[in-house]
Amino acid sequence: MPPGARLALAEEVAAGTINLTGIQPGAPGSTAPVPAHCHVQGSIAERTGLDGKPYAIGFDLRLPAQWNGRFFFQGGGGTDGVLRDAIGVLTGGGNTSNALMQGYAVVFTDTGHLNEPGPNGPYQFGLDPQARADNGYNSMAQTARVAKTLIRAHYGQAPERSYFVGCSNGGRQAMMMTQRYPEMFDGVIASAPAYRVPLASVQAVYDTQLYARAAAEQAPPGPDGRPVLSKAFSPGDMKLLTREVLRQCDALDGLADGMVNNWPACHFKPEVLRCTGAKTDACLGPAQVEALQRSFAGALDAQGKPVYSDWVFDAGLHSADWTRWKFGDATSGPAYARNLTLMTGGLAMFFTTPPTVTSDF
């Protein structure tokens, strides 16, 4: 083993189906086919953090009996903190296989911490500076080095080709590896990369503040006295918005097909939908219009420069995925909006120095 690394498990696994770690049994994607392989788990750089808690870079490595000579690093997601099964999830829809089934040696890492219970559990590692660095970049490099060493020891030769594949935070990891460690991989797939995540989190908080004002305009507060974020826009409001966007911008690309593909030419102004009197299903309230104007323009700093990015108006604004990300669908309180449950905790507890410890997002 390389210095600082320790094996905790080494077992032979027969070809068949396994239950995947961290996914509710019976849920879609909770099982996966695997070939006969050697399953290895271990840890790197075990230590006690500045917060007094134990830390280590955990890894899961799977070595197929019929190896194709290649290495697949499976990227993570969210804040990581879970040691998932290294089967080589393939990005994109419709895939029924995985990299392990195709003969790749596959590794996965928890990025140096394990999530704790509670609403702020996934972000507690931000109290330790080394854990921040491990989550950001160091754990991927350390895991790749150890995995390649074990692959060489197991097969008697190094991988002929090495690839890093990830989506969301895994996509960010893929991009990061090309910049910090360009010699480690022959190629990467960075799917939906979470790019400049600290600044994206600032934008998320900015959006949430805007949409909370819209929610306060549209509905009474919840039991906690705060705006019910999911009430910011009704499904009818979002369909109204989408219809007007399409009316103005759909045909700008030369084809009226229910999509907005000439974004630079689309100069949609939400104020065209502002109510002139009382709120009805055919118009939007003042706070709703202001939220759309400012959110899609993007947050600005004190000098008027973009903090993160502006956004385009398109045909998907009424979709459940978009609205759940921005507003959630809870009937009381702010819960379930991913802008809150995913972005705010990171901004408070590991994108800010010193961290702001909170469980109230």
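The values are calculated or read from the model by the stated rules, or taken from the named source; none is laboratory data. What you see is a predicted model; the values in this text were computed from it and never measured. Neighbour counts are summed over all protein chains in view; Cβ atoms, including those assigned to glycine, are modelled from backbone coordinates with ideal geometry. Please note that ligands, DNA and RNA were not included when accessible areas were found on the heavy atoms of the full protein model with its side chains. Shrake-Rupley method; radii C 1.70, N 1.55, O 1.52, S 1.80 Å.
Overview of values
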read-out: Lysine pair count for the chain [Cα-Cα under 16 Å; pairs on different chains or 8 or more apart]; value: 6
read-out: FRET efficiency, 1/(1 + (r/R0)^6) with R0 35 Å, evaluated for T31 and S319 via beta carbons; value: 0.80
read-out: Backbone HN-Hα couplings from phi across the stretch 291-308 [Karplus 6.51/-1.76/1.60, Hz, Gly and Pro as x]; value: 4, 5, 4, 6, 5, 6, 6, x, 5, 10, 8, 5, 8, x, 8, x, 7, 10
read-out: Calculated FRET value between L9 and S309, using beta carbons and R₀ = 56 Å, to 0.05; value: 0.85
read-out: Max mean-square fluctuation residue, GNM over the chain, Cα-Cα springs under 10 Å, options T344, T242, T208; value: T242
read-out: Förster-model FRET efficiency, 56 Å R0, Q66 and T358, C-beta, rounded to 0.05; value: 0.65
read-out: Exposure rank, largest accessible area first [W263, W325; 1.4 Å]; value: W263, W325
read-out: Heavy atoms of K231 accessible to a 1.4 Å probe, total area in Å² rounded to 10; value: 90 Å²
read-out: Sequence of D110, D321 from largest to smallest accessible area, 1.4 Å probe; value: D321, D110
read-out: DSSP-defined antiparallel bridges as percent of all bridges, the chain, nearest 5; value: 65 percent
read-out: Area of V146 that stays accessible when all protein chains are in place (1.4 Å probe, Å², to 10); value: 10 Å²
read-out: Sparse-neighbour loop sites [chymotrypsin sites (Phe, Trp or Tyr not before Pro); the stretch 131-229; at most 16 other C-beta within 10 Å; DSSP]; value: Y195
read-out: Exposure rank, largest accessible area first [D186, D301; 1.4 Å]; value: D186, D301
read-out: Heavy atoms of H318: accessible area, 1.4 Å probe, square angstrom to 10; value: 80 Å²
